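Below is one structure; the comments refer to it alone.
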Amino acid sequence: MSRAERHRLTSLHDVELATLAASGDRQAFGELVRRHGSAVRALLRRIGATATEADDLAQDAFISAFESIAEFRGEGTFASWVKKIAARAHARRYQRDKRLRMRIEAAEPEDVGHSADPSGRMDLDEALKSLAEAERLCVSLCYGAGLSHTEAAEALNLPLGTVKSHVKRGLDKLKTRLAPDGDTLEGRRGSG
Amino acid sequence: MAVAELEVERALERMFARATELPDADAFVNRVQRRLDRGWAARRILIGGAGVVGGVIGASQLIMSNLFSRAEAASSESARVLTSSVRQIAPQADWLFNGPAGIEAIWLAAGLAVVAMGLVLTRIIEEI
């Protein structure tokens, strides 16, 4: 790809790139992958995938997005659309492995034994690791991938009430453990 | 839901949305593009292969059914009927049949039309 072509693509909005991709322009789609690839991979890692699994799932999600790009109408952001595809794919993989159900049934909330910060507060990645796996998964699907509780329940094939409980417990733990940019969610909550 | 609770949720969404670029971001893009290119190439090969197989089957059927000799006979008969019909309807169209190429020109045009339709069909399949 020439420098001028690259420059032209980088100057376009996501929706314009998606329109080009819908007409078969793979370079335009490549620009979308360049812009949002890291965010999708980071989300998958936060949900609980290993780095390798996250890369595989993110690749599958982008390929799947390219194949169904005509369905993207620009109503939400392209990133959130791909994140939802990736998160659902992760949930399906978990279900297929039957690991999730076993772990949820056996899940005992883990206590935080360490912290990256001497004050006892940590960043999002560390805080998520301190949650039980089901809590981490449900919180990440709802707040990271933007799925509703109902959508998350469907993706995980779990009762809605179970998902809500996991989210609630996960949120309660995160509130006390997160320290975003030196601030805490409790602090934000207080100021809100 | 309390306003404070919503604030907490929004803060969490913002934190999730904040993701730094991973060091191997370019390599990831290349991997996705390679997979897209492979898929594209595979689709072209599949379409081309299907076209070749279809052509071979079609050609063999034509040869097996002795179509050409029958078409030749039918062609002579239809050309005669066509000529007389057109002469009845439009006597001034004589130039078409009495020209240097005559009836062959019509068959040539029909053949070109079939080829053009084939190209259009191929293009449509590629688009799909």
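Cα-Cα over 21 Å: which of A:K84/A:K173; A:K129/A:K164; A:K129/A:K168?
In this structure, A:K84/A:K173 lie more than 21 Å apart at Cα.
Take B:L121 and B:L6, extend 7 Å from each Cα along the Cα→Cβ direction, and tell me the distance between the two endpoints in nm.
6.0 nm
Among the trypsin sites (Lys or Arg not before Pro) in the stretch B:1-46, which ones are in a DSSP loop with at most 15 other Cβ atoms within 10 Å of the Cβ? Mind listing them?
Values: sites: B:R10, B:R14, B:R18, B:R31, B:R34, B:R35, B:R38, B:R43, B:R44; in loops: B:R18.
Those that pass, being in a loop and sparsely packed, are B:R18.
How charged is the neighbourhood of A:G76? Take every other residue with its Cβ under 14 Å from the Cβ of A:G76, and add Lys/Arg as +1 and Asp/Glu as -1.
On the way: positive: A:R73, A:K83, A:K84; negative: A:D14, A:E71, A:E75, A:E151, B:E13.
Cβ neighbours under 14 Å give a net charge of -2.
A:L160 versus B:A105, label points 7 Å from Cα toward the beta carbon: distance in nm?
7.5 nm
Could I have the simple spin-label model distance between B:R38 and B:E21, label points 7 Å from Cα toward Cβ, reported in nm to one decimal?
Label at B:R38, label at B:E21, 2.6 nm between them.
Please compute, for peptide A:125-131, the average count of beta-carbon atoms on other protein chains lying within 10 Å of each residue's beta-carbon.
Across A:125-131, the average partner-chain Cβ count within 10 Å equals 1.
Once Rh is set to the Kirkwood radius over Cα pairs, what Stokes-Einstein translational diffusion coefficient, in µm²/s, holds for the stretch A:1-97 at a temperature of 25 °C and a viscosity of 0.890 mPa s?
Once the numbers are plugged in, D ends up at 179 µm²/s.
Any read-out appearing in this document is the output of simple, stated calculations on the displayed coordinates, not a laboratory observation. Please read all numbers here as calculations on a predicted model, not as lab measurements. Positions of Cβ are generated from backbone atoms using ideal geometry, with glycine treated the same way; all protein chains shown enter the neighbour counts.
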